[in-house]
Structure formats: C-alpha cells, structure tokens
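So the structure is just underneath, and the comments pick up after that.
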Amino acid sequence: MGTAVMMGVRLIKGVITCDDVSMPTSGMPLPAALIPDCTKPEAHHAAYKSAKTNNAIFVCIARQGQRWKVELDAFSSSGPTIPDRAVKVLQSAAEALVVAGTVTQANIAADYISMWAIESEEKAREIAAAFHAALHGLRQLYIAVPSQRRRA
C-alpha cells in the first residue's frame, strides 16, 4: 500500500485518510481526491478545525451504512454569504441529482450543504468537489461583481 505526503495531507493510494486532515486556504476549492473522509467523528472535528484555521469552506464525505454523505459548511470561513439567487443555482443542481436518483435527499442553504444516500465514495467525492468549487466561485462572483443590493 503506497503512502504519499502532500501539503500536510496523508494520501493512501491517492485517497485522503481520516487523520492529518488539512483544508486549503481561503478561495481554494479541493479536488475530489483530496476531499477528507470524515466518517470518524475525530476526523470530522480535525477537518473542521483545519478549515476554520485556514479560513476555508469546510467540505467532507462520510460513510453512512452502505452509502455516503456530502457536507459543506461555509460557517468555517469569514467570506460573505452568497445571495439567494446564487443559492438557487446550487438548489437546482441538487434537485437534478435527486431527480436522477444520484442522491436521495439534499439540504441546500447559503452557508450549508448536505446530500446523502450516495451510492459510492467516488460519486460522493465528485459531488463534494463540484459543490465546493461552485460555492467558492459564487462567493468570488458576489465579491467581484457589484450588486444592486449593495448600492442601495
């Protein structure tokens, strides 16, 4: 079993382990292979603490029985809350995953996302990475593009 160490994260066969968890710095979404597996409570605690320390949006996957859960929490970072119209983009994507049967349930809010009963770890990582990147991107757009609400 090959082990590599990269940026404070221990990888075994290209998959992050539940210890030595490190979140990226603010504004840096994680690729699927680096999404932490927080099935164990101590892994979840360590990953969330790392996200807060690095002012990053928390993201993880966790096994629940035979299936997987995706969790994102923007409360771990100090960035702005994205507006409701941007949340609708995330909700639309989550609804499409539910309709397709990829996930059975999804909760989407401006600062928190969870989806569960995902069939495989690989699919959970793919979804987590996509929503992590989307949340980062929507935040960056909100910061960069002036809105009517801010000018009022």
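Any read-out appearing in this document is the output of simple, stated calculations on the displayed coordinates, not a laboratory observation. A quick note: this is a predicted structure, and the numbers were derived from the prediction, not measured. Cβ: placed from backbone, ideal geometry, glycine included. Neighbour counts: every protein chain shown.
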Per 5 Å bin, what is the whole-percent P(r) computed from every C-alpha pair distance within the range 36-152?
2, 12, 21, 23, 18, 13, 6, 3, 1, 0
Using DSSP to define loop residues, name the GluC sites (Glu not before Pro) in the range 20-123 whose beta-carbon has at most 14 other beta-carbon atoms within 10 Å.
E119
Backbone N under 17 Å from the F75 label point (7 Å along Cα→Cβ), restricted to the range 89-124:
107-115
